[in-house]
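Here's the structure, in C-alpha cells; my notes come after.
The values are calculated or read from the model by the stated rules, or taken from the named source; none is laboratory data. Note that this is a predicted model, so its numbers are computed, not measured. Positions of Cβ are generated from backbone atoms using ideal geometry, with glycine treated the same way; all protein chains shown enter the neighbour counts. Only protein heavy atoms, including side chains, enter the accessible area calculation; ligands, DNA and RNA are left aside. Shrake-Rupley method; radii C 1.70, N 1.55, O 1.52, S 1.80 Å.
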Amino acid sequence: MLMEVKGLTKHFGGVAAVKEISFQLKKSEIFALIGPNGAGKTTVFNLVTGMLEPDGGSMVFEGKSLFGLKPHQIAAAGITRTFQNLQLFGGMTVLENIMAGAHLKGKTGFLKALTTWPGSAAEEKKIRRDAFALLGDVGLTGLENLPASTLSFGRQRLLEIARALASEPRLVLLDEPAAGLNSAETKEMADYLKRLRKQGKSMVLVEHDMETVMEVADRIIVLNFGEVIAVGTPAEIQANPEVIKAYLGEDEQVA
Ligand SMILES: Nc1ncnc2c1ncn2[C@@H]1O[C@H](COP(=O)(O)OP(=O)(O)OP(=O)(O)O)[C@@H](O)[C@H]1O
Ligand SMILES: [Mg+2]
C-alpha cells in the first residue's frame, strides 16, 4: 500500500469541510476523488500536502506519518500536486518552470530551492536533461524558451503537471487538470495520465469531467458535504444510487 488516510477531519468555523475520511492508495493507480462543488476535495489535497493542518486523523505515506509536516517536507517525502487554479511562474520560461520543480527535491523549501539554484554543474546537467525529457512527454518540445504565460491554457495545464513530476514524486495529486480545457485538450490530458500510470506513477485525480474520470480511474471515492458516500470501480460508482442522488441538481452528471 502506498498511502493510508484514516479519519481525516477538518473544520472551518463550525462546518466540517472534511469529516472522518478514510481511504487507501495503491501503487500505480489513478484514484479519482469526486463530488459536487464544496464537497471537500481540494481541502483533502490541502491536508495531504501540509497546506492545512488536520483537526484529526492520520495520513501515512510509505509507512511514514505526514502529520505535522510542512509542505516542503511533504514534497521532499515524495508527494507533489497541481492546483485547481493554475499556479505557474508566468514570467519564467517553460523550461525554468520544470527545473524549478526539480529543485524542490530534497531541498528545504521552494525559496531555498530557487536561491541555491544552480547547484553543482553535474546536478544541473541532469536536471536539465530530465526537464527536457518531461517536456517531450507533454508535447512541449521546442517551446522551452517561451514564457510560460504565453502558452495556451491546455499547454499550461500540462506544464504544471510536468513541473509537479520534475521532483520525481511517487504520488501526484491533480486538482481538476481538465478544467477549462476543450475536448481535444481533455483527451490529450487523459492520455497523458494513462501514460504516467504505465510509467508507474500513482495519482489522485480530482476532476469534474465525468467522462475523463470514468475513462482513466481505476477506483473512485465520492465525497458529499465532507463525507465519503461511496468507493468503488467506475462501473460501481455509476450504478450507485447515493452517488446519483448527490449529483442531482448539479450541472454535472455521472455519465
Ligand atoms: N480556507 C478555507 N476557509 C474557510 N472555508 C473553506 C476554506 N477552504 C474550503 N472551505 C470550505 O470548505 C468546503 C469544501 O471546500 P473545497 O474547496 O474543499 O471543495 P471542493 O470539493 O474542492 O469544491 P470544488 O469542486 O468547487 O472545487 C466548502 O464549503 C468551502 O467553502
Ligand atoms: Mg476544489
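By what distance, in whole Å, do the Cα atoms of the chain stretch along each of the three principal axes, largest value first?
56, 41, 32
In nm, give the distance between the simple-model label positions of Lys187 and Phe83, each being 7 Å from the Cα along the Cα-to-Cβ direction.
Those two pseudo-labels are separated by 3.1 nm.
Can you work out ³J(HN,Hα) from phi for every residue in region 63-72, in order, using Karplus 6.51 cos²θ - 1.76 cosθ + 1.60 and θ = phi - 60°, giving whole Hz and x for Gly and Pro?
x, 10, 6, 8, 4, x, 7, 7, x, 5
Please build a GNM for the chain, connecting alpha carbons under 10 Å apart, and tell me which residue among Thr150, Thr212, Thr186 fluctuates the most.
With Cα springs under 10 Å in the chain, the top fluctuation among Thr150, Thr212, Thr186 is at Thr150.
Per the Kirkwood formula on distinct C-alpha pairs, the Rh of region 133-215 is how many angstrom?
Computed over Cα pairs of region 133-215, the Kirkwood hydrodynamic radius comes out at 13.1 Å.
Using the Karplus equation 6.51 cos²θ - 1.76 cosθ + 1.60 (θ = phi - 60°), what ³J(HN,Hα) coupling, rounded to whole Hz, does each residue of region 139-147 give in order, writing x for Gly and Pro?
Once rounded to whole Hz, the list reads x, 10, 4, x, 9, 4, 9, 7, x.
Take Val231, Val94 and sort them by solvent-accessible surface of the protein heavy atoms, 1.4 Å probe, largest at the top.
My answer, sorted largest first, is Val231, Val94.
Longest segment of the chain with no trypsin sites (Lys or Arg not before Pro) in a DSSP loop having at most 14 other Cβ atoms within 10 Å?
After excluding every exposed loop site, the longest remaining stretch is 28-255.
Taking a 1.4 Å probe, which of Ser202, Ser22 shows the most accessible area, and what order do the others take after it?
The ranking, largest first, comes out as Ser22, Ser202.
So what is the calculated 222 nm ellipticity per residue for the chain, using -39500 (n - 2.57) for each DSSP H run with n of 4 or more, over all residues, to the nearest 500 deg cm²/dmol?
Helix contribution divided over all residues of the chain: -10500 deg cm²/dmol.
Which residue, Leu174, Leu159, Leu140, tops the fluctuation ranking in a GNM of the chain built on C-alpha contacts under 10 Å?
Highest fluctuation among the options: Leu140.
Please calculate how many Å² of accessible area the chain carries per residue, with a 1.4 Å probe and no DNA, RNA or ligand atoms counted.
I get 45 Å² per residue for this part.
Dipole magnitude of the chain about its Cα centre, charges +1 at Lys/Arg Cβ and -1 at Asp/Glu Cβ only, in debye to the nearest 20?
In total the dipole reaches around 1020 debye.
Under the 0.36 nm per residue contour assumption, what length would be gained going from the current alpha-carbon distance of Lys245 and Gln73 to full extension?
That works out to 58.0 nm of additional length.
Among Met99, Val18, Gln156, whose Cα sits farthest toward the positive end of the charge dipole of the chain (+1 at Cβ of Lys/Arg, -1 at Cβ of Asp/Glu, about the Cα centre)?
The one lying farthest along the dipole's positive direction is Met99.
Hey, in the GNM for the chain with a 10 angstrom Cα cutoff, which one of Ala235, Ala162, Ala178 fluctuates hardest?
Residue with maximal mean-square fluctuation among Ala235, Ala162, Ala178: Ala235.
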